[in-house]
Amino acid sequence: MRGFPGRELSLDPSRSRFERMYANLLGAPANGLRIRLRRVLPVTRGSYQAILDAGCGAGVFSFELAKQHPEARVTGVELEPDLVERANEVARRAGLTNCHFEQGDVTKLDFENAFDLVVSVDNFEHVEDDIAAMRTLLRALRPGGRLVAHVPGYERRWILLRRRVNFDVPGHVRPGYRADQLVAKLQEAGFEVTGHQYTYGPVETFTNNISYLITGADQRRKMAYAAIFPLLLGLSWFGQFSRPRWGAGVLAVAQRPADALTVTETTGAEHPVA
């Protein structure tokens, strides 16, 4: 579907008529999600045969990847069965024949040497053993394959330029990562990190803070948020051009070494070795 990212949510029959109309007009009505889309999708440019969206939620990133890479097979994996069923129905209604969804735990995926690109957006902060989850994604990649990972930053700006620890969001086991922490964990998991940067510069963080004050990161006060969302969306759009020295998000690009193998020890754990 053409239009704003996430417009496919207007085809979700489980949403109210107002929600479907709103998504059809403005796309996915979540300011933080739209910020991440603008930051992450440009880094996924390239040619791929198979793409994994690990921890895909409602599937918005998967839909966008399927549209931007029509030659690729896009697989979204999500733990919640209801979200998987709804995402598959939306993909069918949208005519995205190269996109499908499966139920699964990103820490226990059965894929091996299956994908050229793996995208993980704001997942690792939900996982106690995040390095084990990273190793699962390493195994899912073909040698030389690419990982694009985004996570919340450990700190964010709050009230002008003052720093504070990132939001305590339901489901998070840690507030976020500093850039060097994410890089070190990816390397420990066996990845070669080829680049990283902070996201959520001052403008993006300002609009995201307002979103949090209204919704509490738990979809509260939907009508109030719907009223202010167009303004937040417009303001945050300008933030994509900033390159913050630190911010409320971290984006890393890594690859599975071309000569890497995976060895299964008697415990069943997978460990990358050169």
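The values are calculated or read from the model by the stated rules, or taken from the named source; none is laboratory data. Fair warning: this is a prediction, and the values are worked out from it, not measured in the lab. Reconstructed Cβ throughout: ideal geometry from the backbone, glycine too, with neighbour counts over all protein chains shown.
Modelled with pLDDT of 95 or more, under 24 Å from THR199 (Cβ atoms), aliphatic (A, V, I, L, M) and surrounded by fewer than 21 Cβ atoms within 10 Å (Cβ to Cβ), is that true of ILE131?
Details: modelled with pLDDT of 95 or more: yes; under 24 Å from THR199 (Cβ atoms): yes; aliphatic (A, V, I, L, M): yes; surrounded by fewer than 21 Cβ atoms within 10 Å (Cβ to Cβ): yes.
So ILE131 fits the description; yes.
Can you find a residue in segment 103-122 that is out of contact with any Pro (no Cβ under 7 Å at 6 or more places or on another chain), at pLDDT below 95, under 18 Å from LEU251 (Cβ atoms) and of a type outside the set (A, V, I, L, M)?
No, there is no match, as no residue in segment 103-122 is out of contact with any Pro (no Cβ under 7 Å at 6 or more places or on another chain), at pLDDT below 95, under 18 Å from LEU251 (Cβ atoms) and of a type outside the set (A, V, I, L, M).
May I ask you to verify whether ALA252 is under 30 Å from MET134 (Cα atoms) and either basic (Lys, Arg) or assigned to a helix (DSSP H, G or I) (or both)?
Answer is no for this residue.
Taking helices (runs of 4 or more DSSP H) that fall entirely within segment 9-103, which contain at least 2 residues that are among the basic types (Lys, Arg), within 17 Å of the chain's Cα centre (by Cα) and buried (at least 21 other Cβ atoms within 10 Å of the Cβ)? Steps first, please.
Numbers: elements: 17-26, 31-40, 60-68, 81-94.
It comes to 31-40.
Which count do you get for residues in segment 215-231 that are part of a helix (DSSP H, G or I) and surrounded by fewer than 17 Cβ atoms within 10 Å (Cβ to Cβ)?
Residues of segment 215-231 part of a helix (DSSP H, G or I): 215, 222-231.
In the following step, the residues that additionally are surrounded by fewer than 17 Cβ atoms within 10 Å (Cβ to Cβ) were identified as 222-224, 226-228, 230-231.
Within segment 215-231, residues that are part of a helix (DSSP H, G or I) and surrounded by fewer than 17 Cβ atoms within 10 Å (Cβ to Cβ) number 8.
Got a number for residues in segment 198-240 being within 19 Å of ASP168 (Cβ to Cβ), hydrophobic (A, V, I, L, M, F, W, C) and touching a residue at least 12 places away in the same chain (Cβ under 8 Å)? Show your work before the answer.
Keep residues of segment 198-240 that are within 19 Å of ASP168 (Cβ to Cβ), which gives 200, 205, 208-221.
From what's left, hydrophobic (A, V, I, L, M, F, W, C): 210, 213-214, 217.
Then drop every residue that is not touching a residue at least 12 places away in the same chain (Cβ under 8 Å), which leaves 210, 214, 217.
Within segment 198-240, residues that are within 19 Å of ASP168 (Cβ to Cβ), hydrophobic (A, V, I, L, M, F, W, C) and touching a residue at least 12 places away in the same chain (Cβ under 8 Å) number 3.
Has segment 190-197 got at least one residue that is in contact with a Pro (Cβ under 6 Å, 6 or more places away or on another chain) and touching a residue at least 24 places away in the same chain (Cβ under 8 Å)? I'd like the intermediate steps shown before the answer.
Taking segment 190-197 first, the residues in contact with a Pro (Cβ under 6 Å, 6 or more places away or on another chain) are 190, 192.
Okay, now just the ones that are also touching a residue at least 24 places away in the same chain (Cβ under 8 Å), so 190, 192.
Yes, the conditions are met somewhere in segment 190-197.
With surrounded by 16 or more Cβ atoms within 10 Å (Cβ to Cβ), charged (D, E, K, R) and at positive phi as the only criterion, which of ASP122, ASP116 stands out? Explain how you work it out, then say what you get.
Values: ASP116 fails: at positive phi.
Among ASP122, ASP116, only ASP122 is surrounded by 16 or more Cβ atoms within 10 Å (Cβ to Cβ), charged (D, E, K, R) and at positive phi.
Please give the number of the condition LEU261 fails out of (1) exposed (fewer than 14 other Cβ atoms within 10 Å of the Cβ); (2) over 30 Å from PHE4 (Cβ atoms); (3) modelled with pLDDT of 95 or more; (4) not β-branched (Val, Ile, Thr).
Evaluating LEU261 over (1) exposed (fewer than 14 other Cβ atoms within 10 Å of the Cβ); (2) over 30 Å from PHE4 (Cβ atoms); (3) modelled with pLDDT of 95 or more; (4) not β-branched (Val, Ile, Thr) leaves (3) as the failure.
Checking ARG163 against (1) without any contact (Cβ under 8 Å) to a residue 60 or more places away in the chain; (2) closer than 11 Å to ALA248 by Cβ; (3) touching a Pro at 6+ places or on another chain (Cβ under 7 Å): exactly one of these is not met. Which one?
Going through (1) without any contact (Cβ under 8 Å) to a residue 60 or more places away in the chain; (2) closer than 11 Å to ALA248 by Cβ; (3) touching a Pro at 6+ places or on another chain (Cβ under 7 Å) one by one, ARG163 breaks only (3).
Among PRO230, PRO244, which is the only one that is modelled with pLDDT under 95 and of a type outside the set (Asp, Glu)? It would help to see each step written out before you state the result.
Working: PRO230 fails: modelled with pLDDT under 95.
Result: PRO244 is the single residue among PRO230, PRO244 that is modelled with pLDDT under 95 and of a type outside the set (Asp, Glu).
Note down all Cβ pairs under 6 Å where the first residue falls in segment 84-97 and is modelled with pLDDT of 95 or more, the second is assigned to a helix (DSSP H, G or I) and of a type outside the set (Asp, Glu), and they're at least six residues apart or on different chains.
Between residues of segment 84-97 that are modelled with pLDDT of 95 or more and residues that are assigned to a helix (DSSP H, G or I) and of a type outside the set (Asp, Glu), the close pairs are VAL90/LEU11; ARG93/LEU11; ALA94/LEU11; LEU96/ALA66.
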